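Any read-out appearing in this document is the output of simple, stated calculations on the displayed coordinates, not a laboratory observation. Small disclaimer: the values here were computed from a predicted structure and weren't measured. Cβ atoms come from the backbone with ideal geometry, glycine included; neighbour counts cover every protein chain shown.
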Amino acid sequence: MNRIWNFYAGPATLPLPALERAKAEIPDWENTGMSVMETSHRSKEYDAVHYGAMELMAELMGLDDDHQVLFLQGGASTQFAMIPMNFIPPGGSADYVDTGTWSTKAIKEAKIIANGRVAATSEPDGFTRIPRRDEYDLDPSAAYVHITSNNTIKGTQFHEFPDVGDTPLVADMSSDILWRPFDANRFSLIYAGAQKNIGPSGVTIVILRKSWLEQANENVPTMLKYAIHSSKDSLFNTPPTFAIYMVRNVLEWVKEQGGLDGMERRNRTKGDLLYGVMADHPNFYSCPVEPASRSYMNVVWRLPSEELEAKFVAEALATGMCGLKGHRSVGGCRASIYNAMPKEGVEFLADFMRRFAAANR
Ligand code: PMP
C-alpha cells in the first residue's frame, strides 16, 4: 500500500483504521451477506450504526439531554439557509461575526431570507484575524449570533468562544469540530460538513438544542425543518447511510485515541511544529495570520514569490505530499492537518520545509 500524505482541505485524509474496517466489511457486513450501503435504512442492523454514531458523537462532545445530534444532507451550505429560515422570526434579524469566505456566504444566505446583520468583521484587515469580543456590536433582540469557528481558507480560528449573554449562539464548525474539548452545551446549534474532521462528504452533522425548537418558525418546507429531522432522529427520509457508517468508524477511532483530549494533544503538537518552522525561517516563510488567531487545522503561509510557491507545491508532490496549494482565492500554501493527519505526516512536511528553505534562499 502506498498512502500519500494528504493535506487537502476537504474532503480530506481519513484515519486508516476507519478505511480498513470499511474495506473488510464491504462484501459481507456483520454476516448480513451485503454491505451497509445495500441495506434498508429501516433495518435493525442499520439502526445500530445510525444510533451508534449519534451516541458516540454525543459522548465525545459531552452533550446534555437537551442537545441532539442530527445527520442531514446538503452540506454546510444548506445550513447557511436553514438556520435563518427556521430561527429568524418574521421581521426579525440575526447577528453574524464575519471572518471571511464561509461566514460571508452564511450572511448572504441569511439576507435572502431575513435580516442578516454584521455585528463584527475583520474585513478591513483582510480577514487575517478573528475579531475581539469588545469589537462586537450586538443587537440584544437578535434571534441568534452566528460565528464560523475556523476559516478553512484564511487559516484563522477562534481560540475562545464569545460570551453573547442570553442570545442563542450558533457556529459553523465544519473545519474544526472535534479538534479539542469544548463546552458544546453553550451552543444552540453547531453544524459541520463531515468531510474534514469526521468522515466523507455527503452528511452534515448538526448539534441542536431541542428546546430552541419551541421558537422555530412553522412555515418552512418539510425537508428544511429542524423539527421534522429532530422528531424522526434523522430518519424522516433516506439518510446518507454509507457516509454515516464511515462517521461511526471515524468516531470510534477518535475515542480509541483518547477522545477530544487525545485529539487536542495531537493537534497542538502538529500545529506548533509548522508554526515553529515558519518562526525559524522568518525571511522565507511568512504566515499572514495574526498569531492569536492562527488555526491548528488549516495552516497557511507564503513564500518570497509565487514562483517559489509553485515550485514548493510541485516538489512536495514529488516527495509524496498532496494538497499543499493555498485556496485559489488567496494563493500561497496551506496544510490542512485535521484530526486524522498523523504527527508523522506533519514531521515529514516540516522536514521538507526546512530543506526547501535551505536550498532556495
Ligand atoms: N463552512 C466552512 C468553514 C467550510 O470550510 C466549508 C467547506 N469548505 C463550508 C462551510 C461549505 O461546506 P459544504 O461544501 O459542505 O457545503
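Can you give the helix-only mean residue ellipticity at 222 nm for the chain, where every DSSP H stretch with n ≥ 4 adds -39500 (n - 2.57) and the sum goes over all residues, rounded to the nearest 500 deg cm²/dmol?
Working: 9 runs with 129 residues, N = 361.
The per-residue figure over the chain is -11500 deg cm²/dmol.
Sort out the exposed loop GluC sites (Glu not before Pro) in the chain (DSSP loop, at most 10 other Cβ within 10 Å) and tell me the longest stretch that has none. It would help to have the intermediate numbers written out before the result.
On the way: sites that count: Glu160, Glu218.
Between exposed loop sites, the widest span is 1-159.
Averaging sequence separations of C-alpha pairs under 8 Å and six or more residues apart, then dividing by the length of the chain, give the relative contact order as a whole percent.
Numbers: 655 pairs, mean separation 83.7, N = 361.
It rounds to 23 percent for the chain.
How far is the Cα center of the stretch 15-88 from the Cα center of the stretch 178-222, in Å?
What the calculation gives is 13 Å, centre to centre.
So for the pair Glu256, Ser77, with labels modelled 7 Å out along Cα→Cβ, what separation do we get in nm?
Here the modelled spin labels are 3.4 nm apart.
As a quick test, which of the pairs Lys111/Lys232; Lys111/Lys210; Lys44/Lys232 have an alpha carbon distance above 20 angstrom in this structure?
Details: Lys111/Lys232 29 Å; Lys111/Lys210 25 Å; Lys44/Lys232 16 Å.
Long pairs (Cα-Cα over 20 Å): Lys111/Lys232; Lys111/Lys210.
How many nm separate the modelled label positions at Glu290 and Arg3, each set 7 Å beyond the Cα in the direction of the Cβ?
My value for the distance between the label points is 3.8 nm.
Please list the equivalent ellipsoid semi-axes of the chain, computed as the square roots of five times the alpha-carbon gyration tensor eigenvalues, in descending order and whole angstrom. Don't skip to the answer; put the middle values down first.
On the way: eigenvalues 222, 161, 50 Å².
That gives 33, 28, 16 Å for the three semi-axes.
What does the charge count around Gly74 come to, taking other residues whose C-beta lies under 15 Å from its C-beta (Lys +1, Arg +1, Asp -1, Glu -1)?
So the surrounding residues net to 0.
What is the stretch 258-359 by shape, rounded, prolate or oblate, if you read a ≥ b ≥ c off the alpha carbon gyration tensor as root eigenvalues and call it rounded for a/c under 1.5, prolate for a/b larger than b/c, and oblate otherwise? It would help to have the intermediate numbers written out before the result.
Details: a/c = 1.69, a/b = 1.47, b/c = 1.14.
Judged from the Cα gyration tensor, the stretch 258-359 comes out prolate (a/c at least 1.5, a/b above b/c).
Label points 7 Å out from Cα along the Cβ direction at Met34 and Ser231: separation in nm?
Taking the simple label geometry, Met34 and Ser231 are separated by 2.9 nm.
Net charge around Leu169, counting only other residues with Cβ within less than 13 Å of its Cβ (Lys, Arg = +1; Asp, Glu = -1)? Could you put the intermediate results ahead of the total?
Numbers: positive: Arg133, Arg186, Arg209; negative: Asp95, Glu160, Asp163, Asp166, Asp172, Asp183.
Counting the neighbours of Leu169, the net charge comes to -3.
Fully extended, how many nm does the chain gain between Ser43 and Leu317 (0.36 nm per residue separation, minus their Cα-Cα distance)? Numbers along the way, then the final one.
Numbers: separation 274, 0.36 × 274 = 98.64 nm, distance 4.39 nm.
Result: 94.2 nm gained on full extension.
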